[in-house]
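Undergrad: Before I ask anything, let me first share the structure, which is written out below as structure tokens.
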């Protein structure tokens, strides 16, 4: 899975698995959503968008099936929910 830290007022991390067309987004709220059936071109355009939040709202939200993977619940360590980890910018990103 390709994981990228992004500069955005909405998103903190973007991860993409081209083989599964799976887009995983971590929001600043710490909520992590997985979007299914997302073409590689949408992932690329999201990373290139000057406003990632606007692009998300316009192109992704409401257009792809999704699942809330984590809502950073108190008392549930994120490590317990994940199967793979990457460290970017000193921060651990959990790939579910």
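Undergrad: For the stretch 1-55, max minus min Cα coordinate along each principal axis, in Å, sorted largest first?
TA: 28, 22, 15
Undergrad: Kindly rank 42-55, 5-18, 22-35 from highest to lowest mean number of other beta carbons found within 10 Å of each residue.
TA: Put in order of decreasing packing, that is 22-35, 5-18, 42-55.
Read the figures in this text as sums done on the coordinates, not as results from a lab. None of these values were measured; they are calculated from a predicted model. FYI the Cβ positions are ideal-geometry reconstructions off the backbone, even for glycines, and counts take in every protein chain you see.
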